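Participant: One structure coming up, written as structure tokens, with questions to follow.
The values are calculated or read from the model by the stated rules, or taken from the named source; none is laboratory data. Small disclaimer: the values here were computed from a predicted structure and weren't measured. Side chains included, ligands, DNA and RNA excluded: accessible areas come from the protein's heavy atoms. Shrake-Rupley method; radii C 1.70, N 1.55, O 1.52, S 1.80 Å.
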Amino acid sequence: SIVRVPLISWVSAGNLAAPDVEINLDDVPRLTFTDLPPGDWIALDVSGDSMNRISPDGSRILANRRDRRLVPNACYVIALESGEATYKRYRPD
């Protein structure tokens with residue numbers, strides 16, 4: 001199946017940070033993907049170098065906002081209610 005995913009902004013691969021823009025999902029570009037599992041998908045550009053081995057600065061990632069399971073060594077976008085977010089790998093230790 002084909003899924004059109006909104007490219008909504010960027011995410012910090014470093015300290016928590018908030019984009020300076022208010023986003024209207026009707027006005028953002030959409031990227032086309034196939035065979036994604038069901039979910040509420042967004043695309044983000046990575047800004048920063050703390051995840052360089054997985055997602056170098058400037059790379060693009062997908063996040064499923066419905067998936068809240070924590071899996072050891074998986075990568076996550078963590079967001080606060082204030083709008084700040086960061087992109088990190090989960091390590092249970």
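Participant: Which of these, Arg69, Arg60, Arg30, has the largest mean-square fluctuation under a Gaussian network model of the chain (Cα springs below 10 Å)?
Facilitator: Arg69
Participant: Right, another one. For Ile8, what residues show an amide H to amide H distance below 5 Å, using hydrogens built from the backbone and excluding near sequence neighbours?
Facilitator: Ala43
Participant: If you don't mind, another one. In square angstrom, what is the accessible area per residue of the stretch 1-83 with a 1.4 angstrom probe?
Facilitator: Per-residue accessible area for the stretch 1-83 comes out at 70 Å².
Participant: Leu16's amide H: which non-local residues (gap 5+, or another chain) put their own amide H closer than 5 Å, with H modeled 1.01 Å from N in plane and none for Pro or chain starts?
Facilitator: HN-HN under 5 Å from Leu16: empty list.
Participant: Could you identify which residue out of Gly14, Gly48, Gly39 has the top mean-square fluctuation in a GNM of the chain using Cα springs shorter than 10 Å?
Facilitator: Residue with maximal mean-square fluctuation among Gly14, Gly48, Gly39: Gly39.
Participant: Per the 1.4 Å probe, what fraction of the accessible area of the chain, in percent, lies on carbon and sulfur atoms? Kindly include the intermediate steps, with their values, before the conclusion.
Facilitator: Numbers: 3150 of 6510 Å².
Result for the chain: 48 percent of the exposed heavy-atom area is carbon or sulfur.
Participant: Applying the Karplus parametrisation 6.51 cos²θ - 1.76 cosθ + 1.60 with θ = phi - 60° to the phi angles of the stretch 22-31, what ³J(HN,Hα) value in whole Hz is obtained for each residue in order, glycine and proline being reported as x?
Facilitator: Result, ordered by residue: 9, 9, 9, 4, 6, 9, 8, x, 10, 10 Hz.
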